[in-house]
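Q: Below you will find the structure I want to go over with you.
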Amino acid sequence: MKKFLIILFMFLTLPVFADTMPFYMSSIPKGAIGLYQTDEDITIYTHPEANSGVIKKMTFSYNPETMPDNVFAVLINEKKLGFLYVSDIGDEGWVEVIYDRSTGAKGWVMTKDRMQFLPWLNFYNLYGRKYGLRFLKDVPDELEVLHSKSEDMSQTVAKLRYVKQMRLTKMSGNWALVSVFDIDRTPKMGYLRWRSNEGVIYAFPNIK
């Protein structure tokens, strides 16, 4: 009984980690065109106009115990870094965001500067270069390969298993030129498909 109480106490006193990151292909909407970095307060509108109806107002504390579920595409509370999926863009800085991942509910927010909305290529060039990339967990094995060129029919340079580190060098459409350190610790360089022609994402910045 005493051992059980000790284990229960340790479990209850563990820190709460409510960070969010996509780990599966299905967790990233196909229609997403990039990410919107949230402020501590955001107002979501029905249309890309300030005088349109307000769907909801949200305030983010970045306290893991009080942060909402199913809102963020990417969330790192310690860094106060949060992103929502963007599904469309309007005029004069408006972007349509998915504010409920469980239902797919959308609304419009106004960006305050040009860096608040990052199309996928901009997001990867910024965060992929800084943190490297990682394959999503359910990517088919046949896609975990490096090619000599950014073409499906190009020569296979290496098959990737148990990747330790994947550094991004440059983006080229749906392809990324990367340097990979595999389990054999031998560096390999080549192109991998980070996204399908239909918009399914296979590799994501390994933000930490």
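Q: In square angstrom, rounded to the nearest 10, how much accessible surface does Asp100 have for a 1.4 Å probe?
A: Here the residue's solvent-accessible area equals roughly 40 Å².
Q: Please name whichever of Gly104, Pro29, His47 sits farthest to the positive end of the charge dipole of the chain, dipole taken about the Cα centre and charges placed at Cβ: Lys and Arg +1, Asp and Glu -1.
A: Pro29
Q: How much accessible area per residue does the chain have, in Å², with a 1.4 Å probe?
A: 59 Å²
Q: Ok, one more. Assuming a ≥ b ≥ c are the square roots of the Cα gyration tensor eigenvalues, decide whether segment 13-76 counts as rounded (a/c under 1.5), prolate (otherwise, with a/b larger than b/c) or oblate.
A: Oblate shape, in that a/c is at least 1.5 and b/c is the bigger or equal ratio.
Q: Moving on to the next point. If you wrap a convex hull around the C-alpha atoms of segment 26-144 and split its volume per residue, what is the figure in Å³?
A: 123 Å³
Q: Just subtract the alpha-carbon distance of Ser102 and Ser52 from 0.36 nm times their residue separation and send over the number in nm, one decimal.
A: Result for the pair: 15.5 nm of gain on full extension.
Q: For Arg195, what residues show an amide H to amide H distance below 5 Å, using hydrogens built from the backbone and excluding near sequence neighbours?
A: HN-HN under 5 Å from Arg195: Tyr202.
Q: Suppose we flag GluC sites (Glu not before Pro) only when DSSP calls them loop and at most 14 other Cβ atoms lie within 10 Å. Which is the longest uninterrupted stretch of the chain?
A: My reading of the result: 93-150 is the longest stretch.
Q: Reachable aspartates and glutamates from Lys164, Cα under 20 Å, same-chain residues fewer than 8 places away excluded?
A: Those aspartates and glutamates meeting the cut-off are Asp138, Asp141, Glu142, Glu144, Asp182, Asp184.
Q: Which value, in debye to the nearest 20, describes the size of the charge dipole of segment 16-108 about its Cα centre when Lys and Arg Cβ atoms bear +1, Asp and Glu Cβ atoms bear -1, and nothing else is charged? Show your work: numbers first, answer last.
A: Numbers: 7 positive and 13 negative charges, 52 e Å.
It works out to roughly 240 debye.
Q: Using a 1.4 Å probe on the protein chains only, how many percent of the accessible area of segment 61-108 belongs to carbon and sulfur?
A: Solvent-exposed carbon and sulfur of segment 61-108 make up 39 percent of the total.
Q: A follow-up question, please. Using the structure shown, list the pairs from Lys56/Lys137; Lys57/Lys106; Lys80/Lys188; Lys30/Lys170; Lys57/Lys80; Lys79/Lys112 with a Cα-Cα distance above 24 Å, or answer none.
A: Lys56/Lys137; Lys80/Lys188
Q: Distance between the C-alpha centers of segment 103-181 and segment 61-78? Whole Å please.
A: Answer, in whole Å: 24.
Q: From the backbone phi of segment 30-42, what are the Karplus-calculated ³J(HN,Hα) couplings (6.51 cos²θ - 1.76 cosθ + 1.60, θ = phi - 60°) in whole Hz, Gly and Pro given as x?
A: Rounded to whole hertz, the list is 4, x, 5, 10, x, 10, 10, 7, 7, 8, 5, 10, 9.
Q: State whether segment 72-131 is rounded, prolate or oblate according to the following rule on the C-alpha gyration tensor (a ≥ b ≥ c being the square roots of its eigenvalues): a/c under 1.5 gives rounded; otherwise a/b larger than b/c gives prolate, and the remaining case gives oblate.
A: oblate
Q: Would you list Thr59, Thr46 from the most to the least accessible area, probe 1.4 Å?
A: So the residues, ranked largest to smallest area, are Thr59, Thr46.
Q: Moving to a separate point now. Mind putting a number on the dipole of the chain about its Cα centre? Charges go on the C-beta only, +1 for Lys and Arg and -1 for Asp and Glu, and I need it in Debye to the nearest 20.
A: Dipole of the chain, to the nearest 20 debye: 960 debye.
Q: While we're on this one: Take Met189, Met25 and sort them by solvent-accessible surface of the protein heavy atoms, 1.4 Å probe, largest at the top.
A: Met189, Met25
Q: Rounded, prolate or oblate: pick one for the chain, where a ≥ b ≥ c are the square roots of the eigenvalues of its C-alpha gyration tensor, a/c under 1.5 means rounded, and failing that, prolate if a/b is larger than b/c, else oblate.
A: Details: a/c = 2.36, a/b = 1.17, b/c = 2.01.
Because a/c hits 1.5 or more and a/b fails to exceed b/c, the chain counts as oblate.
Q: Along the charge dipole of the chain, Cβ charges K/R +1 and D/E -1, which of Leu84, Asn197, Val178 sits furthest on the positive end?
A: Result: Val178.
Q: Taking the Cα centre of segment 106-191 as origin, work out the dipole magnitude from +1 charges on Lys and Arg Cβ and -1 charges on Asp and Glu Cβ, in debye rounded to 20.
A: 480 debye
The values are calculated or read from the model by the stated rules, or taken from the named source; none is laboratory data. Everything numeric in this text was worked out from a predicted model, so none of it was measured. Don't worry about glycine lacking a Cβ; one is built from the backbone with ideal geometry, like all the others, and counts go over all protein chains shown. The accessibility values were calculated without ligands, DNA or RNA, using every heavy atom of the protein model including side chains. Shrake-Rupley method; radii C 1.70, N 1.55, O 1.52, S 1.80 Å.
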